[in-house]
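Just below is one structure, and these are the notes that go with it.
The values are calculated or read from the model by the stated rules, or taken from the named source; none is laboratory data. Here the structure is a predicted model, which is why all the values come from computation and not from measurement. Heads up, the Cβs are rebuilt from the backbone with ideal geometry, glycines too, and the neighbour counts pull from every protein chain shown. What goes into the accessible areas is simple: the full protein's heavy atoms, side chains included, and nothing from ligands, DNA or RNA. Shrake-Rupley method; radii C 1.70, N 1.55, O 1.52, S 1.80 Å.
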Amino acid sequence: MKAMILAAGLGERMKPLTLHTPKPLLKVAGKHLIEYSIESLVSPGITDIVINYAHLGEQFPKALGSGDKYGANISYSSEDDGPLETAGGIINALPLLGDEAFIIVNGDIWCDYPFEKLVQNQKAYESSLCHLVLVSNPEHNEHGDFALDAGALSEQGEIKCTYSGIGVFHPQLFSGLDVQTMRLKPLLQKAIDLNKATGEIYTGDWSDIGTVERLNDLSNRLSC
């Protein structure tokens, strides 16, 4: 099972730190933020990893190399004309991801999610176009994104949770789409309408590193 870490964002809310460093390469407790995700993926044997980049992208190969030091094989998907948004970035990287379902991880999160669970349940996702890991709503997204109805993803429901930035996606979700700037939400809605979108709720430790304050909070916690 392959994985892709989304790392092409501009990190506007993290300025001035991101003026010279891409957000996933910012240091957290002495380590690049993205390294935590790489190590978490490699631990259960997910070693083929694609990383997309745009803003200051040349820094990623310099910092992470080919992945040897993590026991991984890292490939890079460049978005030379600027970030393509989430769906566009995935479409651009499809030649590197193959024909089977793959894991997506946002490059600006920290989470202790056990990725071996996605590997063990890989066959269960073959009939779905996407499977999202949801978490409790943080203060900056108090209304949530999606609800679950017997494991099926829905945009309707009294209790909604937040998309964690971790999921499993099938290449068919992006079938026939050209490389272009494209958000992920419309494609998720398509999968929901087709009853081919599932999800789960994770109650462990998760942080969306969208501000300098959250970056510092996480660094302090991991340094203890």
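Just checking, how many residues over the stretch 72-101 are among the hydrophobic types (A, V, I, L, M, F, W, C) and in a helix (DSSP H, G or I)? Break it down into steps so the answer makes sense when it comes.
The first filter runs over the stretch 72-101 and keeps only residues among the hydrophobic types (A, V, I, L, M, F, W, C), leaving 72, 74, 84, 87, 90-91, 93-94, 96-97, 101.
Narrowing the set further to residues that are in a helix (DSSP H, G or I) leaves 87, 90-91, 93-94, 96-97.
Of the residues in the stretch 72-101, 7 are among the hydrophobic types (A, V, I, L, M, F, W, C) and in a helix (DSSP H, G or I).
Tally up the residues in the stretch 78-116 that are free of Cβ contacts under 8 Å to residues at least 60 places away in the same chain and buried (at least 22 other Cβ atoms within 10 Å of the Cβ), please.
Number of matching residues: 0.
Select from the stretch 144-167 the residues that are under 19 Å from residue 186 (Cα atoms) and in a loop (DSSP other than H, G, I, E, B) and write down the one among them that is most open to solvent (accessible area, probe 1.4 Å).
Our first condition is that a residue be under 19 Å from residue 186 (Cα atoms); within the stretch 144-167, this holds for 144-148, 152-157, 160-167.
When the remaining residues are screened for being in a loop (DSSP other than H, G, I, E, B), the result is 144-145, 155-157, 160.
Values: 144: 17, 145: 46, 155: 45, 156: 141, 157: 47, 160: 60 Å².
Out of the qualifying residues, it is 156.
Please count how many residues of the stretch 117-143 are over 27 Å from residue 175 (Cα atoms) and surrounded by fewer than 14 Cβ atoms within 10 Å (Cβ to Cβ).
Looking only at the stretch 117-143, we keep the residues that are over 27 Å from residue 175 (Cα atoms), and these are 135-143.
Retained after the next criterion (residues that are surrounded by fewer than 14 Cβ atoms within 10 Å (Cβ to Cβ)): 136, 139-140, 142-143.
Qualifying residue count, the stretch 117-143: 5.
Looking at the stretch 1-49, which of the residues that are among the acidic types (Asp, Glu) and closer than 20 Å to residue 216 by Cα is surrounded by the fewest Cβ atoms within 10 Å (Cβ to Cβ)?
12
Does any residue of the stretch 64-71 turn out to be farther than 22 Å from residue 166 by Cβ, assigned to a helix (DSSP H, G or I) and open to solvent by 50 Å² or more (accessible area, probe 1.4 Å)?
yes
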